[in-house]
Amino acid sequence: MPELPEVETLRRDLERSILGRMATEIWIAPDVPRLVQGLAPEELRQRLIGARFQGVQRRGKLLIFLLSDGRGYLLLHRRMSGNLLHRRNGAPADPYTRFVLSLDDDSELRFVDLRKFGRLWLVDDPTEVTADLGPEPLEETFTIETLAEALRRRQAPIKAVLLDQTAIAGLGNLYADEALHLAGLHPRRPAAGLTLDELGRLHRGIREALAEGLHDRGSSLGTSLRDHINLDGSPGEHQHHVHAFRRTGQPCLRCGTAIERIKVGGRSTHLCPHCQPA
DNA sequence: AGAGTAGCCTGTAAGC
DNA sequence: TGCTTACAGGCTACTC
C-alpha cells in the first residue's frame, strides 16, 4: 500500500521527470465522481491546462504539485490502490486509468486506481487539505519529545495511534507493524503507557522502518493490480526485506519465533510474540 | 473528546 | 467446477 516511503519514492521520481513540464490536456474518467474534491472537473481542467509543474512536495501520504502562474497546488492522495504512471503518448492503455494528464513533451501522467479511492484537490493553499496531519516522522524536528507529545493521553493501542494520521503523518499498516517490531513493542500496548526507554526505541523503529522502505523504493506485495508500483511501473523491493508484515508463521529474523497475526483496531497486525511481549 | 466500527471499492482467495 | 463469502486497507462519517 502506498505509505510514506512509497509516496516519497514517487515524489523523487516525479521531480526528475516532470519539473518544468506544462499540462496540455486532462481527461477524467466518467465513473469516478469522488475523485476530484471541492471543484467541478471542468474547472479543474481550465486551471490545469497551461500550468507548469514548478515543484513536487509531499506531506504524509499526499503528493503536492506546485503549479506556475499562481494557479495553486494540485494534491493527490493514492489511498489504497492508486498508482501514478509516466508513459509516452500512445503507450498501451493501463487498465483502471482514472485520469490522464498530458504533458508538453509527448508524455502523460496516468492515475491508475482499481478501487477508486484516490482523491485529487486543486487549492490555493495546501494546508486546506493537510491541516489535520501530524508531524513528519523523517524530519529533523521529529524528536522523541515530538513522539511523546503525539502519544500523550492516548489510551488506544499503540498500533491504532500509529495509523492515526493526525498523530503522526505517513505510517500505514505495513510500516506501523515494522516500526513496532523494530522497537520490540506489542501493538496492543496503550500508547500513553510507554516508558521513556520504549519511546526512544519506537522513535528509532519508526525512522528505521521508513528509511528501509525508502531505500528499497517501497513495498509491492503480491502480484495484483492493487499493489504499489513506481512512476515507471516497476515494483519496489521492500517486500523481500520486511521483518514482520505478512510473515505469519515464518520465523522472526531476530529470535526465530513464529510471527503471529492478530487484529488490532480492525486491522491485521503481525508481531513476534517473543520480541514484542504483551 | 476519544475510541470503535461500517462503508466506500473490486479483485483474489478461501470455503462449501 | 462453480458459486458465495471473506478479506485486503486509507480514510471519512457515524455511533457510543
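At-a-glance table
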quantity	calculated
Under 24 Å from the Cα of A:Lys263 - lysines, other chains or at least 8 residues apart	A:Lys61, A:Lys159
Other-chain or far-sequence residues with amide H under 5 Å of A:Arg79's (modelled H)	A:Arg119
Nonlocal amide H pairs with A:Val264, under 5 Å, H built at 1.01 Å	A:Thr269
Vicinal HN-Hα couplings computed from phi for segment A:38-49 (Karplus, 6.51 cos²θ - 1.76 cosθ + 1.60; Hz; Gly/Pro x)	x, 8, 6, x, 5, 5, 4, 4, 5, 7, 7, 5
Whole-Hz couplings from phi, Karplus 6.51/-1.76/1.60, listed for segment A:101-112; x for Gly and Pro	10, 7, 10, 7, 10, 6, 10, 8, 9, 10, 9, 10
Partner aspartates and glutamates for A:Lys116 [C-alpha distance under 16 Å; skip if fewer than 8 residues away on the same chain]	A:Asp31, A:Asp94, A:Asp227
Solution diffusion estimate, µm²/s, Stokes-Einstein, segment A:59-165, Kirkwood Rh from C-alpha pairs, 37 °C, viscosity 0.692 mPa s	200
In sequence order, calculated HN-Hα J values of segment A:168-185 (Karplus, 6.51, -1.76, 1.60; Hz; x Gly/Pro)	9, 8, x, 7, x, 4, 5, 6, 5, 4, 5, 4, 5, 5, 4, 7, x, 10
Where N is the number of residues in segment A:146-278, Cα Rg divided by 2.2 N^0.38 Å	1.03
Around A:Gln54: net Lys/Arg minus Asp/Glu count, Cβ-Cβ under 12 Å	+1
Exposure proxy ranking, count of Cβ atoms within 10 Å, fewest first, for A:Ile229, A:Ile262	A:Ile262, A:Ile229
Rounded Å value of the spacing that divides the Cα centres of segment A:198-219 and segment A:231-263	14
Beta bridges per DSSP with both ends in chain A, % antiparallel, nearest 5	95
Spin-label model distance (nm) - A:Arg34 vs A:Arg267, 7 Å beyond Cα toward Cβ	1.8
For chain A: Kirkwood Rh in Å [reciprocal of mean 1/r, alpha carbons]	19.6
Charge context of A:Glu25, other residues only, Cβ under 9 angstrom, K/R +1, D/E -1	0
At R0 = 45 Å, FRET efficiency that the Cβ-Cβ distance of A:Thr248 and A:Thr24 yields, to 0.05	0.40
Distant-in-sequence amide H partners of A:Leu221 (H built 1.01 Å from N, under 5 Å)	A:His228
Segment A:135-183 versus segment A:35-82: alpha-carbon centroid distance in Å	27
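Just so you know, all these numbers are worked out from the coordinates, no wet-lab data involved. Here the structure is a predicted model, which is why all the values come from computation and not from measurement. Every residue, glycine among them, receives a Cβ derived from its backbone with ideal geometry; neighbour counts consider all protein chains shown.
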